[in-house]
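Read-outs: derived from the displayed coordinates by stated rules, not from any lab. Quick caveat: nothing in here was measured; it's all calculated off a predicted structure. For neighbour counting, all protein chains shown are included, and Cβ atoms are generated from backbone atoms with ideal geometry for every residue, glycine included.
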RNA sequence: GGGCGGAUAGUUCAGCGGAAGAACACCUGCCUUACACGCAGGGGGUCACAGGUUCGAACCCUGUUUCGCCCACCA
């Protein structure tokens, strides 16, 4: 083994991370196998493990959510790669229609341009330029995190291949009547100037006014009841009223069939009955405005009412709004309410808090708006999506999310997929100007498929971004073409994402995957929690509480950040992150580094075999623990419980290896117990580090690769990089069950003695001459007796005495503590000072040496030898030998005390 | 209105049927040749409340209180 013992005294990630990432990339270690191709050959007997990354927005930059999500996926991919699976982690980015368009619009505004002043073609060109400039930023950031993605397969949702898939899907769905075009009430953002889907509307409580308005009877019968009172929050929509509704079984239903006069417009409208009215709410009378309210729209449909539009797509009152034409919604609201008051029809106005929809992208209030849009008929697709989960073909982690999914899927409504923006996949539909027929086709058609006219124009709208995202698991692998990747890596193994996009994305991928691949898009879905700031608030630029993962990588290293994210994660609870929490794990990287440094300082180049007869308790214990950790880590990762996996590795390294094993192995590593023991400890240490580096690699790829190399396991030592080294498995040879309990005896005793020492106020320089242990437990006393030197090492005690009754010792200056196994006594008077102990020994030695030199001079004197009797000479000779031995012993003694 | 999740040490959270744990923070000692990004020790908890199941409950069941989140056609 070629060891590198020349490690820095503390771990600094700079340089190391970049070095290894470049190395991995240059060796194509993340490039997935193209199975059955001439260069890659047959698939692994283990099979495949594939993940498609949730594609981040091209204009975005890496935030903590991405960092967490990507770390999770990377841990799985790296583990599976080491386990011998054919791993594909497919990366890419999303064109993010409205979001990106908004960003670029804001950018060109600085130069005084608008998208309309540029025109469609030029504007789209601008967005592409933007994408070329900044679209790569997030990819670079992912690389710094250590993502082991196959960058050779990187995709973008507007790539040619993916665009082709989008068209194919659109056409097939249209032909199956699963896509249709129609005039419906949709959510309209007057700022983005486009329709948005139900999911893109976010409801928020806002202050508003609740107007009580009287609608007089118009049929002359109501002499006594001169009218009814409706309630509304939007008086400007009174201009579009075409009816008033009551609940059929309410008190108010007695007026059904009568007519009232709508204020301002003077329109005579009927009172109708509809179940949608809550008789308990407001006055129990609801004005019906089918063109400007989603509920009213449905009521209008049921009762065949006119859809009277009074507001246009820009949020301006239109020609139907009489004198209010040209006003904005806000202006019209003020004016109409004033005018109603003037007419004496405003009964009262209340302040209320009500929930209002806002555009997810720009926070503008969303208006219900009647317009012609494209929709996906979702129900038939959803039914299948529900079934596969019920049948267990897709498993959710944590399981509870399954319910959320079912709830949405079982009540799913048609999906509005057309957007009145320019950045995205343009809808492949052409309307014939002559016959009005709509031609929907994969390739741009030259003529109307019905009448053959060449006078056809393509639909102006583009598709919802999520339409292309829904195809991501198979469109990225080449669909609709047949392709070895698609055949081998689809369905993917796992989807990792946040709960916020279960409806937007996960459910739609399931529906599309089933429709077009006839198979689920992934077998497991892992829904992770949200990252929040330390106070539990959502991180956002506006509140200034963002912890930038790139800053954290600069400060603490990618490994520290990754370990923190992994270890802090728990199932089903949000993660409250702070810089200091990440720091804790940076310290862990240093601890690992130094433990490895210690090991390297104590290992020879030659690799030692583990010889069982030379092992002592702590050796057997750490070998046994290592096997347990190998097994449990593997199991936890299989269950996607990376939080527990990371935490248990942390505890194992810090608590078991550093705090106990290394401390206990020091005497033998220093050679105090002879060569055999030194070899044994070296062999054990090597095994432990070899295993733990492998186990930690998915979590902290960079340090582990660096240390792997330093131990000589990497290419310099004629091995392989850790990235592609074999994942460890439990070695049954190293199962030492009894070591677990025996070690507990020892640890418990050490803790108690240390505790007693602290109670007695002893300094580290003070040596306890002896502790007395009273116990009936033979096994316990045997274990302690055979580990005296470790005990001395760990708690600075010279000797242990066992006794059945310590009664006579319990006088003055005695401290004691009872444990589960024994009662332990320490006498405050029975303390040796290390320095004076050494002085005492030095004195002894001096005296001995004096005697010895006298002896030796006698033996060197010829007249003494010739005159003295033979037995006296022999006696003197014996004495000198004894003295020499004793000096040797005292020397050793001094050495070991000095070490304490 | 429906659904989901949380309530455990000062703080952030693990634990989810068998003697209350970690990390920060706090207090006391220590620069002991792997590590002060460290070592050793310490204080601190009716595990939200009330019932129940069990030999045994922080953990299971039933309520209650309370804080979040998601969905839904309260105009």
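So what is the calculated 222 nm ellipticity per residue for chain A, using -39500 (n - 2.57) for each DSSP H run with n of 4 or more, over all residues, to the nearest 500 deg cm²/dmol? All intermediate terms of the calculation are to be shown ahead of the outcome.
Working: 29 runs with 376 residues, N = 900.
Here the helix-only value at 222 nm equals -13000 deg cm²/dmol.
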Checklist entry - If you find the alpha carbon centre of region A:599-615 and of region A:451-485, how far apart are they in angstrom? => result 62 Å
Next on the checklist: If neighbour count is taken as other Cβ atoms inside 10 Å, put A:432, A:77 in order from fewest to most.
Outcome noted: A:432, A:77
Checklist entry - So, in Å, what gap is there between the alpha-carbon centers of region A:64-112 and region A:511-533? => result 15 Å
Checklist entry - If you take the beta carbon distance between residue A:729 and residue A:606 as r and set R0 to 25 Å, what does 1/(1 + (r/R0)^6) give as a FRET efficiency, to the nearest 0.05? => result 0.45
Item to check | Counting DSSP beta bridges with both ends in chain A, the antiparallel % (nearest 5) | outcome: 70 percent
Checklist outcome for this item: Final fewest-first order of A:399, A:280, A:200 on the 10 Å Cβ neighbour count is A:280, A:399, A:200
Item to check | Chain lengthening between residue A:210 and residue A:690 when straightened (0.36 nm per residue, less Cα-Cα) | outcome: 165.7 nm
Checklist entry - Sorting A:442, A:17, A:8 on the 10 Å Cβ count, fewest up front, what's the list? => result A:8, A:442, A:17
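Once you sort the root eigenvalues of the Cα gyration tensor of region A:113-187 as a ≥ b ≥ c, which label holds: rounded (a/c under 1.5), prolate (a/b larger than b/c) or oblate (the other case)?
Numbers: a/c = 2.48, a/b = 1.36, b/c = 1.83.
Since a/c reaches 1.5 but b/c is at least a/b, the shape of region A:113-187 is classed as oblate.
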Next on the checklist: Between residue A:720 and residue A:638, what is 0.36 nm times their sequence separation minus the Cα-Cα distance? Round to one decimal in nm.
Outcome noted: 27.1 nm
Checklist entry - At what distance in angstrom do the alpha carbon centres of region A:228-263 and region A:646-719 lie from each other? => result 80 Å
Next on the checklist: Contact order normalised by length for region A:420-542, with contacts defined as Cα pairs under 8 Å and 6 or more residues apart; what percent is it?
Outcome noted: 20 percent
